[in-house]
Each structure stands twice: as structure tokens, then as C-alpha cells.
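Engineer: Encoded as C-alpha cells, here's the structure I'll be asking about.
The values are calculated or read from the model by the stated rules, or taken from the named source; none is laboratory data. Given the structure is predicted, the values throughout are model-derived calculations rather than measurements. Note: ideal-geometry Cβ built from the backbone for every residue, glycine included; neighbour counts use all protein chains shown. We work out accessible area using only protein heavy atoms, side chains counted, and drop any ligands, DNA or RNA first. Shrake-Rupley method; radii C 1.70, N 1.55, O 1.52, S 1.80 Å.
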Amino acid sequence: MEEGRGLSTSVTGLLLLPGSAVGILCGVLSGRRPGIWGKVLLGGAVMVLTCSLLTVLRADTPIALLVVVGALVGIPQGINGLANQNALYRQADPERIGTAAGLLRTFTYLGAMLASAAVAASFTHGAHTAGLHRLALFMLPCAVLLLVVSLLDRSIRKPR
């Protein structure tokens, strides 16, 4: 929003704030609920939706729509991490919980590194709409894969 729209850093930060607020709210509302499957399905479906929306945004897209899409990003951000942790703690054998938690954290970091590389590859010539579209097209199959795997995984429907 800074490069593409010429907005100040402060204004851009304020426009991104609803995404963080929605993420926190979703985490608070879903974090203590025992179900896992519904959470990962909702998170995956909203990820597919937001990645799809990101592919059609343009430099002249109204700011209000950008804020709405940014807020939607907060839903999977607030739900998926907690759902994965809940799945881990409910499904791992008690004597292997430390190893399972370490593996979850390791793969979370690997995902963050892959995400950093994808952002760098998408925005090689500055933060512009074409880079956003490239990044969204990279993320979209990942979101679809998450949704499909979640739909097929019977173990998270009714964890022990």
C-alpha cells in the first residue's frame, strides 16, 4: 500500500490493523473449544477465498475492500495455529509430546522460511500488484492442499 498507493507507513499500518484484530478475536473465540476439524476447514476455506481475492485486486481497488480482504486474512491466522496445537496435544502419545511439539515448531519455522522466500521471489522489483498476484498464485494451491488434506483426515474429526 505504501509503494502501490503512496500511503504513509502510519496509514498503511492502520489499514493492516483489522487483520491482526480479527486474528486475535478468532484465536480467543476458538482457542479453548475442543473441536479441531471445523476450525481447520474454516481456516482452509477462508485461506482459499482470500488467496483468490488477492489475485484480482488492482492498484485502484478501493481501500475499504483492501481492509476487508486484510481482515479476512486474520481468520485463518487466528484459527489454524491453535487448531494445529490442539490436534498435537490431543493426538500425540503423552510420552512423545515433547518430540511432537518440537516437530510442529520445526515445520512451522520451515514454513516461515518458505514464505519468506516466496515473498522475496514475488516482489523482486518492488511491492506492486503484479508481485501480489504472483504471491497469491503461489499460496492458492497451498491453501487448497490444506483444505483437501483437512477434509480427508479422519483423525482430526473426533480426536481422542
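Engineer: Can you send over the carbon and sulfur percentage of the accessible area for the chain, probe radius 1.4 Å, protein chains only? Please report the intermediate quantities before stating the final value.
Structural biologist: Values: 6850 of 9790 Å².
That fraction is 70 percent.
Engineer: Normalised by the residues of the chain, what does the relative contact order come to in percent, with Cα pairs under 8 Å and at least six apart? Write out the running numbers ahead of the final one.
Structural biologist: Working: 159 pairs, mean separation 60.0, N = 160.
Taking the mean separation of contacting Cα pairs over the length of the chain, I get 38 percent.
Engineer: Let me ask something else about it. Please sort through the DSSP H helices of the chain and keep those with an alpha-carbon extent of at least 27 Å along the long axis and a Kyte-Doolittle average not below -1.0. Before the final figure, lay out each step's value.
Structural biologist: Values: long enough: 9-30 (31 Å, 1.69); 63-91 (43 Å, 0.91); 97-122 (37 Å, 1.24); 129-152 (34 Å, 2.01).
Membrane-span-like by this criterion, though nothing is claimed about a membrane: 9-30, 63-91, 97-122, 129-152.
Engineer: Taking square-rooted eigenvalues a ≥ b ≥ c of the alpha carbon gyration tensor, is region 112-160 rounded, prolate or oblate, where a/c under 1.5 means rounded and, failing that, a/b exceeding b/c means prolate? Intermediate values should be presented prior to the final figure.
Structural biologist: Numbers: a/c = 5.16, a/b = 2.87, b/c = 1.80.
Cα axes put region 112-160 in the prolate bin.
Engineer: Continuing with this model, one more query. Looking at 46, 94, 129, which one has the Cα that reaches farthest to the positive end of the dipole of the chain (charges on Cβ: Lys, Arg +1; Asp, Glu -1)?
Structural biologist: Selected residue: 94.
Engineer: Measuring from label point to label point, each 7 Å out along Cα→Cβ, what is the residue 110 to residue 129 span in nm?
Structural biologist: According to this spin-label approximation, the distance is 3.7 nm.
Engineer: I've got another one for you. For residue 144 and residue 64 in the same chain, what is the full-extension length gain: residue separation times 0.36 nm, less their Cα-Cα distance, in nm? Please report the intermediate quantities before stating the final value.
Structural biologist: Values: separation 80, 0.36 × 80 = 28.80 nm, distance 2.63 nm.
Full extension from residue 144 to residue 64 adds 26.2 nm.
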